[in-house]
Amino acid sequence: MGGTAVIALGAGIFAGTRITSPADAIARTAAPEASEVTVPVELRTLNSEVVTRGDVTAAGAVDVTPEVGGLETPPIVTGQVPEVGAEITEGAALLEIVGRPLIALAGELPMYRSLRPGMSGPDVEQLELTLERLGLDPGRVDDEYTASTGNAVAELFERIGYEPPEPDPQAQGELDAANDAVDQAEDAVEDAEEALDSAGSTSPGPGEAPLDEDALEDALDDAREQLAEAEATRDEAAAAAGTPLPASEVVYVPSLPRRVDEVHVRRGNQVDGAVMSVSGASLVVTANVDEADYELLAVDQAVSIELPTGELVPGTITGIAEAEGEGATGWDVTITPGELTPEQAEALRGQNVRVTVPIESTEGDVLAVPLAALTAGPGGETRVEVMRDGVAELVEVEVGLTAQGYAEVTAVDGTLAEGDLVVVGDGGENTGDGSDE
């Protein structure tokens, strides 16, 4: 019985250590008392920027469609077929059709007709401007196709290793006839001059009437007039027989150089429509921004473009326009990358890239606190709450640049230094009622 009593007593004591009253249980499981959340004041450089993404495209893709309707033979591709990715420069042959080059030139008007001396029009003026830009001499730049224009066209073809286009056969025949007429007129003048010279140096024989020198002089004058007329006719014929420009041997695109994106023909094919698609060799990035970011941007602003490889390349905003089209919102920003290496251009083409536009930056490191540390005083002043030895102190500050979730601050009333702990929040109120709700 004694042993049983001892065991019972021990069991009671052990059980008593394991039993907790409801009040003690609530006290032990309640949340700890809330305290302020603080962060240190930092020295950092702040940068305000707009970050967005944009699609990279080539400027102005166009189809190249030669005008081959005037050819006397089927328009067969005979050579010079470019590869995708090749660059097309102005004045170069981008394709060869029936042994003749298709020369790329930059201009707004298409090559809608063949040109030859004696023609006029805006397409002639465009041609002469192009020839002059290429360093060729078309004579006076106007809307008249002259012999000088033809000479410059001939030089253009010779420059790329092709014979100049043949003159119109009828015009060439008229020139040949005019040259014969000049030769005959020159012979007539020579004969008239010799006759007049002989009359002045030879005395008439017995019974011969003296030569009529006046009549000989009139004959010489007539011969010279006929020579002048023949030469004028020859000059006109020569101008008409100058080097023409067949419509099938030139194609205009809005700008050059350009890149070959697609090739639709190969050697031996017959041309039927577009032979290739070309786009601007230069790339552009088009990004869309909202109203808030639009207010911060301007043309000629510098940007940073991140390549898919992580490399950064510079760029410039070259256009800002309100987005158009069904469902379009915000503003479209056109960005032109700076000078790119061939590898960088290829890496960018067709990608969606990150674009960063720097807006404003502090000059070096400044005192900065999180935006959550700023509070408004009763007079509208801005303050931060600084914990010093466990005691909160309100310090009035002047706010500078805000960026990246931080604000530049300068103490106005009181002191503030790097490492000071500022309050950014507290743990909230604890009810401590132990309810399950």
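Tabulated data for the structure shown
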| quantity | calculated |
| --- | --- |
| Residue of 58, 215, 411 that the Gaussian network model of the chain assigns the largest fluctuation, springs spanning Cα pairs under 10 Å | 215 |
| Ordering of 240-247, 95-102 by packing [mean C-beta count within 10 Å, highest first] | 240-247, 95-102 |
| Under 5 Å, built H, 5+ apart or other chain: amide partners of residue 115 | 245, 247 |
| Cβ-placed point charges (K, R +1; D, E -1), dipole of the chain about Cα centre in debye, nearest 20 | 4440 debye |
| 3J(HN,Hα) from dihedral phi, region 243-260, Karplus parametrisation 6.51/-1.76/1.60, rounded to Hz, x for glycine, proline | 5, x, 10, x, 4, 6, 10, 9, 9, 9, 10, x, 7, 9, x, 9, 10, 7 |
| Accessible surface, 1.4 Å probe, highest first, among residues 276, 387 | 387, 276 |
| C-alpha center-to-center spacing [region 295-342, region 368-423] in angstrom | 37 Å |
| Solvent-accessible area per residue, Å², over the chain with all protein chains present [probe radius 1.4 Å] | 58 Å² |
| Average projected area [Cα convex hull, region 66-192], square nanometres | 10.2 nm² |
| Modelled FRET efficiency - R0 22 Å, residue 292 with residue 412, Cβ distances, 0.05 increments | 0.15 |
| Relative contact order of region 336-408, defined on C-alpha pairs under 8 angstrom at six or more residues apart (%) | 24 percent |
| Relative contact order (%) - criterion: Cα under 8 Å, at least six apart; region: region 89-233 | 15 percent |
| DSSP-defined antiparallel bridges as percent of all bridges, the chain, nearest 5 | 95 percent |
| Viscosity 1.002 mPa s, 20 °C: Kirkwood-radius Stokes-Einstein D of region 220-317 over Cα pairs, µm²/s | 103 µm²/s |
| Value of relative contact order over the chain, rounded to a whole percent, pairs C-alpha under 8 Å and six or more apart | 26 percent |
| Residue 224-residue 142 FRET efficiency (beta carbon distance; Förster radius 30 Å; 0.05 resolution) | 0.35 |
| Cα-based Kirkwood hydrodynamic radius, region 379-425, one decimal, Å | 11.3 Å |
| Among 327, 118, 414, residue whose mean-square fluctuation peaks in a GNM of the chain (springs only between Cα atoms under 10 Å) | 327 |
| Residue among 93, 105, 74 farthest towards the positive dipole end of region 57-157, charges placed on Cβ | 74 |
| Against the rule of thumb 2.2 N^0.38 Å, how large the Cα Rg of the chain comes out | 2.06 |
| Theoretical ellipticity at 222 nm over the chain - DSSP helices of four or more residues, -39500 (n - 2.57) apiece, nearest 500 | -9000 deg cm²/dmol |
| FRET efficiency estimate (nearest 0.05) - Cβ-Cβ, residue 282 to residue 36, R0 56 angstrom | 0.50 |
| Helical segments meeting 15 Å axial Cα length and Kyte-Doolittle 1.0 threshold in the chain (DSSP H) | 2-18 |
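The values are calculated or read from the model by the stated rules, or taken from the named source; none is laboratory data. Quick caveat, the model's predicted, so the values are computed rather than measured. Reconstructed Cβ throughout: ideal geometry from the backbone, glycine too, with neighbour counts over all protein chains shown. Quick note on the areas: whole protein, heavy atoms, side chains included, nothing else; ligands and nucleic acids left out. Shrake-Rupley method; radii C 1.70, N 1.55, O 1.52, S 1.80 Å.
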